[in-house]
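> What follows is a structure written as structure tokens; I'll ask about it next.
The values are calculated or read from the model by the stated rules, or taken from the named source; none is laboratory data. Computed from a predicted structure; not experimentally measured. Cβ placement follows ideal geometry from the backbone for every residue including glycine, while neighbour counts extend to all protein chains displayed. These accessible areas exclude ligands, DNA and RNA; they are computed on the full protein's heavy atoms, side chains included. Shrake-Rupley method; radii C 1.70, N 1.55, O 1.52, S 1.80 Å.
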Amino acid sequence: MKKILILPGDGIGQEIVAEAVKVLDCLREDFGLDVEMEQALVGGSAYDEYGTPLPDETLRLAQEADAVLLGAVGGPKWESLDISVRPEKGLLGLRSGLGLFANLRPAILYPQLADASTLKPEVVSGLDIMIVRELTGGIYFGQPRGIRTLDDGMREGFNTLVYNEAEIERIGRVAFEIAKKRSGRLCSVDKANVLEVTELWREVMQRLSADYRKVELSHMYVDNAAMQLVRAPKQFDVMVTTNMFGDILSDCAAMLTGSIGMLPSASLDENGKGMYEPIHGSAPDIAGQDIANPIATILSVAMMLRYSLGHAKLAERVEAAVEQVLDDGLRTEDIWSEGTQKVGTAGMGNAIVAALRA
Ligand code: NAD
């Protein structure tokens, strides 16, 4: 039996994760999903209880689990804390403690929500991109780093962008495998015209493509990729890129869909174990009001089923149930428009469970 660790976190995390758990319970009861769930604290709520955003017990449970479902962490209550114990440290500690080097961020725009985007509906309707971002290397982690004072008293800040071949190859393989299962198109994004690191990146991706003959590999400079993402995003299927480029491009792609409450994510280790979470934060401005959209978290459960639990068919069922409620015209406040029916967080979760059972 597989183990799932549930980490609701802070703010709306509590509410949206409760709806995702309803979906998991339904899959256990009606579809034979063989999992056991345990819950623990992370982020500000863990700090309040234990004085640390990532208690040892939480990390231990996460390491023992096959998959982790996270809500979100953070909020104004903890913003003045020392950076070493801020809620976000809990998240970073989980990512590094679990060796989650591959971040998968789909940007999907359901045709029913095409009006939610700031781009013209015909540019984005039906958009379905998967961005694969390297998550534990590159300039965010490279050494040396810091701010130093030079002989003339001038201060200088510096970071190091470094990737070795093994790091590039492992993220490349994840991306090729995903592209193989989708349309077979993979675009590797780099800045090989300026940065030697990404010259190596391009070379390794090219070499890997020999092992994936059915995947059509292309390369694009990051500045062009940013432009193409807003010009004609549907040209992309799977994109793979470095930590920092992926950070920026995935936020850009997410916003093409105009609905932060709809987008899930996965962060995977070498063996397919993963942490699954919505891309949004803890939304303290709407916490406790039963208006947060739980769909990003429920779609994160679908990703968990697909990538860590080996239940692709159940993942499709969950995704189809989400489509069904959108077809039925149900909307939480963030995606509501004239002519559709507004429901709360729990109402949306219940409707998705009902669609699953139907
Ligand atoms: P946010 O994503 O929490 O909220 C941005 C806006 O989107 C807010 O107006 C919010 O109400 C809305 N929103 C977000 N999720 C929504 C949902 N499911 N349904 C409806 N509306 C939703 O970003 P923020 O306001 O910049 O950050 C709030 C806190 O969350 C901060 O403490 C920040 O550090 C933290 N944060 C955590 C994560 C994470 O846990 N992965 C990610 C980003 C931000």
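> Let me know the whole percent of all Cα-Cα pairs from the chain that are separated by more than 28 Å.
It works out to 45 percent of all Cα pairs.
> Bin all alpha-carbon pair distances of the stretch 228-320 at 10 Å intervals from 0 and give each bin's fraction as a whole percent.
Going out from 0 Å in 10 Å bins, the stretch 228-320 shows 15, 39, 37, 9 percent.
> What is the extension gain from GLU38 to ARG60, computed as 0.36 nm multiplied by their sequence separation minus the C-alpha to C-alpha distance, in nm to one decimal?
Gain on extension, GLU38 to ARG60, equals 6.7 nm.
> Taking 8 Å as the Cα distance limit and 6 or more residues as the minimum spacing, I'd like the relative contact order of the chain as a percentage.
Numbers: 764 pairs, mean separation 75.0, N = 358.
Over the chain, the number comes to 21 percent.
> In Å, what Kirkwood hydrodynamic radius results for the stretch 128-256 from the alpha-carbon pair distances?
That comes to 15.4 Å for the stretch 128-256.
> Right, another one. With a 1.4 Å probe and every protein chain kept in, tell me what percent of the accessible surface of the stretch 1-57 is carbon plus sulfur.
Solvent-exposed carbon and sulfur of the stretch 1-57 make up 42 percent of the total.
> List the pairs from LYS3/LYS342; LYS22/LYS77; LYS22/LYS180; LYS3/LYS77; LYS180/LYS342; LYS22/LYS234 whose alpha-carbon separation is above 30 Å, in the order I gave them.
Values: LYS3/LYS342 35 Å; LYS22/LYS77 28 Å; LYS22/LYS180 32 Å; LYS3/LYS77 32 Å; LYS180/LYS342 39 Å; LYS22/LYS234 33 Å.
Where the Cα-Cα span goes over 30 Å, the pairs concerned are LYS3/LYS342; LYS22/LYS180; LYS3/LYS77; LYS180/LYS342; LYS22/LYS234.
> So if I average 1/r over every pair of distinct C-alpha atoms in the stretch 1-152 and take the inverse, what Kirkwood radius in Å does that give?
Taking the inverse mean of 1/r over all distinct Cα pairs, the stretch 1-152 comes out at 18.2 Å.
> Loop-only check: which GluC sites (Glu not before Pro) in the stretch 217-323 are DSSP coil with at most 14 other Cβ within 10 angstrom?
Numbers: sites: GLU270, GLU316, GLU319, GLU323; in loops: GLU270.
Answer by residue number: GLU270.
> Give a residue-ordered list of calculated ³J(HN,Hα) values for the stretch 152-167 (Karplus: 6.51 cos²θ - 1.76 cosθ + 1.60, θ = phi - 60°; whole Hz; x for Gly, Pro).
7, x, 6, 8, 9, x, 8, 9, 10, 9, 9, 9, 9, 4, 5, 5
> Please list 297-305, 214-222, 114-122 highest first by mean number of surrounding beta-carbon atoms within 10 Å per residue.
Averaged packing, sorted descending, gives the order 297-305, 214-222, 114-122.
> How large is the translational diffusion coefficient of the stretch 130-189 in µm² per second when you combine the Kirkwood radius over alpha carbon pairs with Stokes-Einstein at 37 °C and 0.692 mPa s?
235
> Oh, and also: Can you give the % of DSSP beta bridges in the chain that are antiparallel, to the nearest 5?
Numbers: 19 of 47 bridges.
Restricted to the chain, the bridges split so that about 40 percent are antiparallel.
> Moving on. 222 nm [θ] for the chain, helices only, -39500 (n - 2.57) per DSSP H run of 4+, per residue, to 500? Display every interim value, and only then the final one.
Values: 12 runs with 146 residues, N = 358.
Value at 222 nm, helices only: -12500 deg cm²/dmol.
> Using a 1.4 Å probe, what is the accessible area per residue for the chain, in Å²?
With the other protein chains kept in place, the chain gives 44 Å² per residue.
> Taking only Cα atoms and a 10 Å spring cutoff, compute GNM fluctuations for the chain and point out the largest among LEU150, LEU92, LEU268.
LEU150
> In nm, give the distance between the simple-model label positions of SER80 and SER183, each being 7 Å from the Cα along the Cα-to-Cβ direction.
With each label point 7 Å from Cα toward Cβ, the separation is 5.1 nm.
> In addition: For the chain, with a Gaussian network of springs between Cα atoms less than 10 Å apart, report the residue from VAL194, VAL238, VAL23 with the top mean-square fluctuation.
VAL194
> Loop only by DSSP, 13 or fewer other Cβ within 10 Å of the Cβ. Give me the trypsin sites (Lys or Arg not before Pro) in the stretch 110-168 that pass, ordered by residue number. Mind dumping the intermediate values first?
Numbers: sites: ARG133, ARG145, ARG148, ARG155; in loops: ARG145.
Qualifying residues, ordered by number: ARG145.
> Could I ask something else about it? May I ask you to give the percent of accessible area on the stretch 128-256 that is carbon plus sulfur, with a probe radius of 1.4 Å?
In the stretch 128-256, the share of accessible area belonging to carbon and sulfur is 52 percent.
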